[in-house]
Amino acid sequence: MEKVSTICPYCGCGCGLYLHVENGLITGVSPSAHHPVNHGSLCVKGWNSHEFVQHPDRLKYPLVRKDGILQKSSWEDALDLIASRLSGTREKYGPDAIGILSSAKCTNEENFVMMKFARAVIGTNNIDHCARL
Amino acid sequence: MAGLASAFGSGAMTNSISEIADARVIFVVGSNTTEQHPMIAMHMLEAVDRGATLIVADPRKTQIAAFAHTHLRQRSGTDVALLNGIMNVIIGEGLVDINFVRRRTENFDEFEKVVKRCTPEVAEKITGVAASDIQRVARIYATEKRSMLFYSMGITQHVTGVDNVRSCANLVMLTAHIGQPMTGLNPLRGQNNVQGACDMGALPDVYSGYQKVADAGARKKFESAWRRKLPSAPGMTMIDMFDSAREGKLKAMYIVGENPVMSDPDTSHVVEAIRKLDFLVVQDIFMSETAELADVILPAVTFAEKDGTFTNTERRVQKVRRAVRPMYGAMPDWKIISELSKKMGYEMGYRAAHEIMEEAALLTPVYGGILHHRLDAFGLQWPCPDADHPGTSFMHRKKFAKGLGTFNPIEFTPPEETTDMAYPFILTTGRLYFRYHTATMCGRTATLEREEPECFVEINPKDAGRIGIRSGNSVKAVSRRGEIVVKAFVTDRTPEGIVFIPFHFREAAVNLITSPAVDPVAKIPEFKVCAINLVPVIPKPGERPKNHYNRKEDLKILNELYEEPEVPS
Amino acid sequence: MKNTKVHWTCKDVTRKKNGKRGELYAPVMVRVLDVVEMTPDVKLIKVEKPKGFSYSPGQFLMVSVWGAGEAPISITSTEGVHNEIELCIRKVGLVTSALHNLKPGGLMGVRGPLGNRFPVEMALGKDILFVAGGIGLAPLRALVNFVLVRKGDFGRAAMIYGSRGPSEVLFRDDLKGWAAKGMDITVTIDRKAEGWRQNVGLVTEFLGKQKIPIKEGYAFICGPHIMIKNVMRDLSLMGMPTTHIVTTLEAHMKCGVGKCGHCYMDGKYICTDGPVFEYPELKKSGAF
Amino acid sequence: MKSDLVLSKAHLSYWLRQLRKEADLIGPLRSTDGDIVFSSVENIHDIVADCPANLPCQKEFLFPQKEEMYKFSPKGTERPGNHKKRVIFGIRSCDVSAVGLMDTFYGGQYEDDFYMERRKNTFFISIACNRPDSSCFCIGLGTGPFLKEGFDIQLTDLGDRHMVQVGSAKGRQMIKGFDHIFRRPKKADYDDQYEANLSSQSKFEKRITLDNVRRKILAGKVPDSFWEGVASRCFQCGGCVYQCPVCTCFNVVDWKDGGAEKGIRMRIWDGCMFKGFTKMAGNVWPAEQIAARTKRWYFHKLLYWPEQSGKFGCVGCGRCTITCPGKIDMATVANRLEKKD
């Protein structure tokens, strides 16, 4: 039984919580007692924030549309396809024909990488996220 | 955040959550705090228990409003008039902190001219809030020294969203409720890492730390670090991207962890735009409405399967730690992008999340001291310029981030859509306590899913009586763009003339009918005001209760059966 | 007649060993023998009776479909009358929808029998009034058949059965059979319907119109919460002793054995203390 | 049955290390953020034995928040089961009392095999409480700070040594073969134990007599408006239920793996504070009002538990006081009711 200190994935309060892990399965959540925001409390979403993580509905492998149908693919093939399609679009229509939406649910590091990808790799400032919603 | 940035030079909650309990006045505008930020509401309640005065301005009677000493129920979309009215009283009654205004701010005279015109009586006419209430709130807010102002989507999701925020900033500067503990202007951010996504430059016009892409100096710094030439013109916002896609100009999109088909206003336009794209990649943890339209879907991991940091609404950068191995074949988003970059000829070469943060810290002044090894024990609050800095619990001490704070003269402008005979109700949308966004996460959590299983429209008893519906009846909500059918929930939580529909539900996606109007500066959609009509749905005869077994022979059998019951002996 | 002892067709359920010893929540898989569509949203599902399975009127089963979940369903058949276990299922949720998809030959899981039974022995030699509303006829049917095969042990029997519409009248064959055995049956529907020449109105409007002496008779009631509440109140106002009024309650349940807490109501677990209650027990709670 | 021993503090880590050879040793550790959490002990010296009493709840070890019950597939069902032996070190008297209540509840006529299996494999070494927190009120309930029975092993801190009281067969199992480190107590040890007991009792800030509260409710002196007032501050977080060591409600959920006929049936914690808790199929909601739900939680603990088992369904651990964002926890409400006339 391990307790991993982390941050709630729901609202912007950023409550501290512990994920309880046993044999690779998340078995529960408990609030951080001394966290400056939640002081040992959590809301109903925080208390249940562990449940969706290991849900069998999770996307399990890359899917690529072939003949109009999404089909299972390997990472290698999927990434190759994306790389060639994005490069092709950039060459044909210019970098500004590509738009990138990052996510307010991703970490800071991921958002930083996304913006670097848009600006340095693609060469466009067309990057945004759903902050407005 | 554009509104805040133009006034103070920095867009974030100025103060800290832990200060709330010691405040004397808490003024909440357009935030359903108990439901949307429960743990912040907990601190507010604590302050009230300790004797603070709570003022809530919200058309709906939310739970936080029930604790308020004064609840102002302004008409939707009239926040500017309400705030101008309050500031008019503050100026008129000499409650302005004139020293602060002189030393720390600029453009007061222009601003004063506009506010002078908006007397409480004028404001009353526009907002529906009694002039006496406006006066009282102005006096309470201005005379206490430890006054905190909070706002949320109720302020920003309007055509006048930026104006609303600037008005709030004006109010704070007028009374000098900024730059000290237990004061400030505090936007409550909706999603766990919206603050971080903005901080890290996932925006079309700025790099991380709000360094402008148009600024040659900043650009040069990033160019030399990244060894690539970078574009200088600001890019497109999300709304612009969909418009551009619809026009056939934007050809490909890469969407990470978002579900714009559900979350964006005017759904059918978004779908149309996406269908026009040559190529769409969606990276997410569950299948979503948007992913269903994608050419490639990549499985990403949840917060429990990766390391990294989130920045909460009070600018606290906190560590997210990997608890379990990535499920199935999923990968962290940063790793996917790294791999993809490699295939596109750009080696990022990150091996762990902390390496990325190290680079971000180097390039981002406000994150300069934010390094993973410093973040144990509840993180650090930016601005944190260097590795010895303890972080900043409240901002704009002694001077604003941009130097002088700017008063913006704001005139009241009515919302984009107003009601008329055909569309007599104002629709405002929002979230529910048990639900979150487009329900990809909470929909897979038994307790949350159970509590609010179906979509509804909150409607005032008087309005309900007028159109002849009761709780539980089906109603059709019709706007100029579309219609959805929802169950009615009659309650006085919602004032007359306004109805509320939550936006989480796939079966009744309220964004089919919301307005595509956006704020011209921040491009935030007007989710809080849209004119609609409500039409009771009357089941057609024979439709429900289902009667298709009501055939003649059936009746015959039944009638024969009971016509002459045998009398028991 | 008065002294005849009722011969119970079964022993009272032992409360511990359900299924394999120690596996409280493990359903036993049983085969579906027949599925009868009774109304558009109600099906009668007949399943094989596992060996050694024995039950009494009023008891219920936790019926389980893997992937959909479990739900409490009262047993509508009567031991000694029916060879199979019969379950009357209205399609309202996830589990019942899955049950509706079952075909003969398919498998469903059952746990039970659970809960208490109707205390019918107290009505020995007395007249009995059954009041049912909608699907509430299902649990009462088990009791009616139980009583009618022991006709000599009881007095007269009458029934008021309320339904939403003509198409929703359940167990038509049984109703006919009971009438043939001399039961006084009143069927009523909520609202007027074309071609319907029978009674219209709520069941409460027909109370006291049967040849059952209210003051000495016994009443067994099942239906929607509001109907139960009104019938119990009206009967007691009409002079029926409250101890003569018995009902069976429906509740949200996840375990059926007093652990999950969902059916907990004013200090009682409907699954283990009920589902059959006498009026005085319920009167204490605010819900009735 | 009971026997008392003394263990030098110097030998505690040796003893625990030996026990760990046979079982997963769980103890109070300091997390990276400085909170105390119960988790598997890697390094015995990391155990924080003398922390204040406001520890996390031990309920999850016997009744996890999410527990797989069955795995199903077309081939049949499989019960994962949990046979892991655990020694849990450092829980307090209130929690030992709570385990006793859980045992009565999950045992009885119908025995919950999932709980019982875990229970059988769990050994407790509890600490008689000498540092009560300001939220604690076990002292008014007899569920702490020092227990006379119900524990496997109870330790009392006597400065340089522990009084070790063995109260069950499991307790005897844990000391078996360790005669070389335990010794019989002398009078001085008992004197010190008494002293520790006395000083602990004086440290309690809250004195609540739930019996008075119960009598007041039974006498009908608590109107519904009182409960409405309480409920108006309810955030519906479920924290009181989740944190309560005596709350036992659960939901059963089936997770199907895509379109395949396989998946898992699991149970997860549920709470009577939620509107949907009593919701029946077809959207029938029996207990719609928050006030009714709040009242039910209190009535269950204050009236029905005593009615059925002679004990309150509360052990005075004070966790709801810490976790409740609306401050309508047992101690606060009981205090208000006690003062009410």
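Bear in mind these aren't lab numbers, they're just calculated from the coordinates by the rules spelled out. The structure presented is a predicted model; accordingly, all values stated were derived computationally and were not measured. Counting neighbours? That spans all protein chains shown, and the Cβs are built from the backbone with ideal geometry, glycine included.
Over 10 Å intervals from 0, what percent of Cα-Cα pairs in region D:80-206 sits in each interval?
Reading upward from the zero bin: 12, 39, 32, 15, 2.
Between region B:116-172 and region B:413-483, what is the C-alpha centre distance in whole Å?
Using only Cα atoms, the two centres lie 26 Å from each other.
Take the Cα atoms of region B:246-316, find their three principal axes, and give me the spread along each one in whole Å, biggest first.
40, 26, 19
What size of dipole, in debye to the nearest 20, comes out for region C:124-281 about its Cα centre when the only charges are +1 on Lys and Arg C-beta atoms and -1 on Asp and Glu C-beta atoms?
280 debye
For D:K216, give me every one of the lysines with a C-alpha distance below 25 angstrom, ignoring sequence neighbours fewer than eight places off in its own chain.
Within reach: C:K268, C:K283, C:K284, D:K206, D:K295, D:K301, D:K311, D:K327, D:K339, D:K340.
With axes computed from alpha carbons, what is the tilt in degrees of helix A:75-93 against the longest principal axis of chain A, rounded to the nearest 10 within 0 to 90?
So the helix axis and the longest Cα principal axis differ by about 50 degrees.
Using label points projected 7 Å from each Cα along Cα→Cβ, tell me how many nm separate D:D257 and C:E84, to one decimal.
Computed distance between label sites D:D257 and C:E84 equals 3.3 nm.
Can you give the log10 of the normalised intensity I(q)/I(0) at q = 0.11, 0.13, 0.15, 0.17 Å⁻¹, computed with Debye over equal Cα scatterers of region B:194-381?
The calculated log intensity ratios at q = 0.11, 0.13, 0.15, 0.17 Å⁻¹ are -0.57, -0.82, -1.10, -1.37.
Just want to confirm a number: the relative contact order over chain B, from Cα pairs under 8 angstrom separated by 6+ residues, in percent.
Normalised by residue count, the contact order of chain B is 17 percent.
State the answer as a single residue: which of B:S263, B:P181, C:P27 lies farthest towards the positive end of the charge dipole of the protein assembly as shown, with beta carbon charges of +1 for Lys and Arg and -1 for Asp and Glu, about the Cα centre.
Going by the charge dipole, the pick is C:P27.
What share of Cα pairs, in percent, lie more than 30 angstrom apart in chain D? All intermediate terms of the calculation are to be shown ahead of the outcome.
On the way: 23948 of 57970 pairs.
Tail fraction, whole percent: 41.
For region B:395-481, give the magnitude of the charge dipole about the Cα centre (Cβ charges: +1 Lys/Arg, -1 Asp/Glu; no others), in debye to the nearest 20.
Result for region B:395-481 is approximately 480 debye, rounded to the nearest 20.
Work out the FRET efficiency for D:K85 and D:D46 from their Cβ-Cβ distance, taking R0 = 25 Å, and round it to the nearest 0.05.
Once rounded, the FRET efficiency stands at 0.75.
Checking the a/c ratio against 1.5 first, then a/b against b/c, what shape does the Cα gyration tensor give for region A:54-133?
oblate
With no solvent and one point on each alpha carbon, what is the Debye value of log10 I(q)/I(0) for region A:94-133 at q = 0.15, 0.17, 0.22, 0.35 Å⁻¹?
With one equal scatterer per Cα and no solvent, log10 I(q)/I(0) is -0.32, -0.40, -0.64, -1.16.
Using +1 at the Cβ of each Lys and Arg and -1 at the Cβ of each Asp and Glu in the protein assembly as shown, identify which of D:G313, B:M13, A:N126 lies farthest towards the dipole's positive end.
Result: D:G313, furthest along the dipole toward the positive end.
Just tell me how shielded D:245-255 is by partners: mean number of partner chain Cβ atoms within 10 Å of each residue's Cβ, no decimals.
Counting Cβ atoms of other protein chains within 10 Å of each residue's Cβ and averaging gives 6.
Name the shape class, rounded, prolate or oblate, that the alpha-carbon gyration tensor gives for region B:116-260, where a ≥ b ≥ c are the square roots of its eigenvalues, rounded holds for a/c under 1.5, and otherwise prolate holds if a/b is larger than b/c and oblate otherwise.
Here region B:116-260 falls in the prolate category.
Which parts of region C:106-127 would a label at D:K75 reach, counting a residue when its backbone N lies under 19 Å from a point 7 Å out along Cα-to-Cβ?
none
Given R₀ = 51 Å, FRET efficiency for B:T413-A:Q71 by Cβ-Cβ distance, to 0.05?
Efficiency for this residue pair is about 0.50.
Averaged across B:410-422, how many Cβ atoms of other chains sit within 10 Å of each residue's Cβ atom?
Counting other chains' Cβ atoms within 10 Å and averaging over B:410-422 gives 0.
Output the Kirkwood hydrodynamic radius of the protein assembly as shown, Cα pairs only, in Å rounded to one decimal. Kindly include the intermediate steps, with their values, before the conclusion.
On the way: mean 1/r = 0.0294 Å⁻¹.
Mean inverse Cα-Cα distance, inverted, gives 34.0 Å.
What's the long-distance tail for region C:68-114, i.e. % of Cα pairs beyond 16 Å?
That fraction is 43 percent.
So what's Rg/Rh here for region B:1-90, counting alpha carbon atoms and using the Kirkwood radius for Rh?
When Rh is taken as the Kirkwood radius, the ratio is 0.97.
Please give the Cα centre distance for region B:41-101 versus region D:18-34, rounded to the nearest Å.
Their Cα centres are 50 Å away from one another.
Can you pull the percent of Cα pairs in region C:102-227 with separation above 22 Å?
Counting every Cα pair in region C:102-227, those more than 22 Å apart make up 40 percent.
To test your reading of the geometry: what angle, between 0 and 90 degrees and rounded to tens, separates the Cα axis of helix C:225-237 from the longest principal axis of chain C?
Compared with the principal axis, the helix lies near 40 degrees.
Two-decimal Rg/Rh of region A:1-110 from alpha-carbon positions, Kirkwood Rh?
On the way: Rg = 19.7 Å, Rh = 17.5 Å.
Rg/Rh for region A:1-110 comes to 1.13.
So if I restrict to the alpha-carbon atoms in region B:425-536, what is the Rg, and what is Dmax, the biggest pairwise distance, in Å?
Both quantities, over Cα of region B:425-536: 14.0, 41 Å.
Along the positive direction of the dipole of the protein assembly as shown (beta-carbon charges: Lys, Arg +1; Asp, Glu -1; about the Cα centre), which of D:P245, A:W47, B:I86 reaches farthest?
Comparing the listed Cα positions along the dipole, D:P245 ranks first.
Calculate the FRET efficiency for D:R172 and C:A180 from the Cβ-Cβ distance with a Förster distance of 51 Å, rounded to the nearest 0.05.
0.15
Dividing the convex hull volume of the alpha carbon atoms of region C:148-288 by its residue count, what do you get in Å³ per residue?
Residue-normalised Cα hull volume stands at 140 Å³.
Evaluate 2.2 N^0.38 Å with N set to the residue count of chain B, then give the Cα radius of gyration divided by it.
Scaled against compact globular proteins, the figure is 1.08.
Magnitude of the Cβ-charge dipole of the protein assembly as shown, K/R +1 and D/E -1, about the Cα centre, nearest 20 debye?
Dipole magnitude for the protein assembly as shown comes out near 2240 debye.
Rounded if a/c is under 1.5, else prolate if a/b is larger than b/c, else oblate: which is region D:228-341, with a ≥ b ≥ c the root eigenvalues of its Cα gyration tensor?
Cα axes put region D:228-341 in the prolate bin.
Can you give the helix-only mean residue ellipticity at 222 nm for the protein assembly as shown, where every DSSP H stretch with n ≥ 4 adds -39500 (n - 2.57) and the sum goes over all residues, rounded to the nearest 500 deg cm²/dmol? Before the final figure, lay out each step's value.
Numbers: 42 runs with 376 residues, N = 1331.
Value at 222 nm, helices only: -8000 deg cm²/dmol.
Quick one: what are the phi-derived ³J(HN,Hα) couplings along region D:66-82, Karplus 6.51/-1.76/1.60 with θ = phi - 60°, whole Hz, x for glycine and proline?
After applying 6.51 cos²θ - 1.76 cosθ + 1.60, I find 9, 10, 6, 9, 9, 9, 10, 7, x, 6, x, 10, 9, 9, x, x, 9 Hz.
Between D:A291, D:A188, D:A53, find the one with the highest GNM mean-square fluctuation for chain D; connect C-alpha pairs within less than 10 Å.
D:A188
Give me the base-10 log of I(q)/I(0) for region B:2-187 at each q in 0.13 Å⁻¹, Debye formula, one uniform scatterer per Cα, rounded to two decimals.
Result of the Debye calculation: -0.58.
Given chain A, what count of lysine pairs have C-alpha atoms under 22 Å apart, with each pair 8 or more places apart or on different chains?
Close lysine pairs under the 22 Å cut-off: 6.
Which GluC sites (Glu not before Pro) from region D:1-83 combine a DSSP loop assignment with at most 12 other Cβ atoms within 10 Å?
Listed in order of number, the matching sites are D:E22, D:E42.
For chain D, set up a GNM with springs between Cα atoms under 10 Å and report which of D:C314, D:C249, D:C57 has the largest fluctuation.
Looking only at D:C314, D:C249, D:C57, the biggest GNM fluctuation is shown by D:C249.
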